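Notes follow once the structure below has been shown.
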Amino acid sequence: MRTAGPPARRAVLTGGLAAAAVGLAGCSSPRVPRETTAAPEPRPDTPKAAFARLMEGNARWMSGELDHPDRDPERRELVAEAQDPFGVVLTCIDSRVAPELVFDTGLGDLYVLRTGGQAIGPVVTGSVEYGPMTGGTPLIVVLGHQRCGAIEAAYKSLQDGTPLPGNLQSIVKALGPAYLLTVENPGADPVDTMIHQQIRVTADDLRANSDLAPLVQKGALAVVGAYYSLDTGKVDVLTGAPT
């Protein structure tokens, strides 16, 4: 039967392992307790302040210097019983356009609605109205974007007279007014022109809505039309920026 090595050797090995363990422990970073969430910023109560908050967030998104506000368990608990968003964003279903990322906001900050090409109808319009009419949300943003597949498909469908399958045709129908404006002045890139027209048409329709118009007229609500660049991450305002 083999016996263990000499005691002196065992002591050297044991001591070496112990020293190595101490050294590794010393090299590892100490565990820092997670800080509690700072008190949330006051909710912007005017269209101008809400718009400024969003555009500041977009600047951080472009630069990569994100705050990631309102995104932790404390925030979840804070808004669990009630919400008070400061903005409504109506945007496309495109997976590359996520308002909470584009504007560097978090849980409970925005009402977000997403439809193909920002197409609207009674249900969507009613959903947009919810925040301003029930909670005094001071800002609506209609956010279209570069290379919108829904608008490209609708443009081709209307140009060729070929309906899209299933309920996709309802999106085409909703985008009809923007298409007609584009036909009048197509520009160098008719699809991109139609994207811009759809933003303007939708923002104008919401601004003139019989229930929202009184809020706009008294300065309690702004309806902004904006265009998002997939290439740069920048949001450019086309219409309705509060002053």
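The values are calculated or read from the model by the stated rules, or taken from the named source; none is laboratory data. From a predicted model like this one, the values you see are computed outputs, not experimental measurements. Neighbour counts run over all protein chains shown; Cβ positions are idealised from the backbone, glycine included. Quick note on the areas: whole protein, heavy atoms, side chains included, nothing else; ligands and nucleic acids left out. Shrake-Rupley method; radii C 1.70, N 1.55, O 1.52, S 1.80 Å.
Summary of packing: across the peptides 77-83, 100-106, the per-residue average of other C-beta atoms within 10 Å ranks them, highest first, as 100-106, 77-83. Extension gain for the segment Arg71 to Asn185, taken as residue separation times 0.36 nm less the Cα-Cα distance, is 36.7 nm to one decimal. For the set Val224, Val112, solvent exposure ranked by accessible area (probe 1.4 Å, protein chains only) runs largest to smallest as Val112, Val224. Among 60-68, 87-95, sorting by the average number of other beta carbon atoms lying within 10 angstrom of each residue, highest first, gives 87-95, 60-68. Computed from backbone phi, the HN-Hα couplings of the stretch 227-243 come to 10, 9, 8, 5, 6, 10, x, 8, 9, 9, 7, 9, 7, x, 4, x, 10 Hz, rounded to whole numbers (Karplus: 6.51 cos²θ - 1.76 cosθ + 1.60, θ = phi - 60°; Gly and Pro given as x). Considering only Ile171, Ala208, Gln198, the residue lying farthest towards the positive end of the dipole of the stretch 156-243 is Ala208, judged by Cα position with unit charges set on Cβ.
I need the calculated FRET efficiency for the pair Ala82 and Asn167, taking r as the beta carbon distance and R₀ as 35 Å, to the nearest 0.05. E(calc), rounded to 0.05, equals 0.50. Here the stretch 98-243 is assigned +1 on the Cβ of each Lys and Arg and -1 on the Cβ of each Asp and Glu. Its dipole about the Cα centre then comes out at about 200 debye. Looking at the stretch 86-213, the accessible area is 43 square angstrom per residue; that uses a 1.4 Å probe and ignores ligands, DNA and RNA. Basic side chains Lys and Arg get +1 at the Cβ, acidic Asp and Glu get -1 at the Cβ, and with that the dipole of the stretch 165-243 about its Cα centre reaches some 240 debye. Highest average first, the peptides 137-150, 42-55 ordered by how many other beta carbon atoms sit within 10 Å of their residues are 137-150, 42-55. Here's how it looks for Ala222: its modeled amide H is under 5 Å from those of Leu139, Ile140, which are all 5 or more places away or on a different chain. Taking 0.36 nm per residue of separation and subtracting the Cα-Cα distance, full extension of the segment from Asp205 to Lys156 would add 15.2 nm.
Gain on full extension, evaluated as 0.36 nm per residue between Glu41 and Ala241 minus their Cα-Cα distance, stands at 69.8 nm.
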